[in-house]
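The values are calculated or read from the model by the stated rules, or taken from the named source; none is laboratory data. The shown structure was predicted, so the numbers you read here are calculated from the model rather than taken from an experiment. In this analysis, Cβ positions are derived from the backbone assuming ideal geometry, glycine residues included, and neighbour counts consider all displayed protein chains. Surface accessibility is based on the protein's heavy atoms, side chains included, excluding ligands, DNA and RNA. Shrake-Rupley method; radii C 1.70, N 1.55, O 1.52, S 1.80 Å.
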Amino acid sequence: MDNNGYITLSRQSGLQREMQVVANNLANMATTGFRAEGVIFSEYVKPVEQGPSLSMGQGNIGKTSFQQGGLSQTGGTFDFAIEGDGYFVVQTPQGDRLTRAGSFAASAGGQLVTPDGYPVLDAGRAPLFVPTGGEEIAVAADGTLSVDGAPLGQMAIVSPLAPLEMVREGGVMFRADAGDEPALSARVLQGFVESSNVNPLLELTRMIEVQRAYEMGQSFLQSEDERIRAAVKTLTET
């Protein structure tokens, strides 16, 4: 296989990865706080002695969309949405993680937790405790929770120091190895959740484009295989 064949083969692998990403985006159209993902292609070129250079492409770099998703009103006491740039902080067995999915609940022990049971942390990175006796809870724009005017604690609302370097974990959670800082411009809304920022029309268009590009690559590889077979057959018959 010549250089063109290797280029096409590596491109096919990247297109397959992109198709998986598009399918995952479409599957999470209704997932609260989900961030759409894309794929960045990169090319590696290696010089070859007495011949053309060898080029290989890869599509293994993820790119996350940070566009604000739509806000849906639920009226839930422990449903929160962030307007602007910012993330909630939750405590997982692997460490603190950032998320925009603010559909929380009160655990049996009185902690504010995610649907997976992970504690939501306050500004001091300690679990938040909330009343479980039916008291009316209010939240201020800065994330401060209160009951009848008495503050309970303030949810940590942070911005990553290096958003492009965040690592996606568990669909709606991110790991920020570079650290984070308070998101002073973000506003917290109670009784709302942020919808997925996936654009279904855009994703369907991408799926069609990727599928067509993959089919063209397969056709080229098939033609290349037939050419090589014909060449080998000619050489063996002479």
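When log10 I(q)/I(0) by the Debye sum over Cα atoms at q = 0.09, 0.14, 0.16 Å⁻¹ is computed from the coordinates, the matching label among (1) -0.48, -0.94, -1.13; (2) -0.52, -0.91, -1.09; (3) -0.36, -0.90, -1.19 is (2). Expressed as an acute angle from 0 to 90° and rounded to the nearest 10, what is the orientation of the C-alpha long axis of helix 200-237 relative to the principal long axis of the chain? Helix 200-237 and the main axis of the chain meet at about 20 degrees.
Ordering 127, 14, 183 by Cα displacement along the dipole of the chain toward the positive end leaves 14 in first place; charges were set at the Cβ atoms of Lys, Arg (+1) and Asp, Glu (-1). In the chain, the calculated helix contribution to ellipticity at 222 nm averages -9500 deg cm²/dmol per residue, counting -39,500 (n - 2.57) for every DSSP H run with n ≥ 4.
Ranked by the mean number of other Cβ atoms within 10 Å per residue, highest first, peptides 66-74, 20-28 order as 20-28, 66-74. The GluC sites (Glu not before Pro) of region 115-172 meeting both criteria, a DSSP state outside H, G, I, E and B (loop) and at most 15 other C-beta atoms within 10 angstrom of the site's C-beta, are 135, 136. For the chain, carbon and sulfur atoms together expose 53% of the accessible surface, with a 1.4 angstrom probe and every protein chain in place. Taking a Cβ cut-off of under 11 Å around residue 167, the surrounding Lys, Arg, Asp and Glu residues balance to a net charge of 0, with basic ones at +1 and acidic ones at -1. For residue 38, the residues whose modelled amide H falls within less than 5 Å of its own, excluding neighbours fewer than 5 places apart on the same chain, are 63, 64, 65. For the chain, find the longest principal axis of its Cα atoms and tell me its angle to the long axis of helix 3-27, 0 to 90°, nearest 10. That helix lies at roughly 30 degrees to the long axis.
Take every Cα pair under 8 Å whose residues are at least 6 apart in sequence, average their separation, divide by the length of the chain, and the relative contact order is 26 percent.
Take every Cα pair under 8 Å whose residues are at least 6 apart in sequence, average their separation, divide by the length of region 123-238, and the relative contact order is 18 percent. About its Cα centre, the dipole of the chain is roughly 540 debye, where the only charges are +1 on Lys and Arg Cβ and -1 on Asp and Glu Cβ. With every protein chain in place and a 1.4 angstrom probe, the accessible-area ranking of 229, 17, largest first, reads 229, 17. Using a probe of 1.4 angstrom and keeping all protein chains present, the accessible surface of the chain works out to 56 square angstrom per residue. Placing pseudo-labels 7 Å out from each Cα toward the beta carbon at residue 94 and residue 227 gives an inter-label distance of 4.4 nm.
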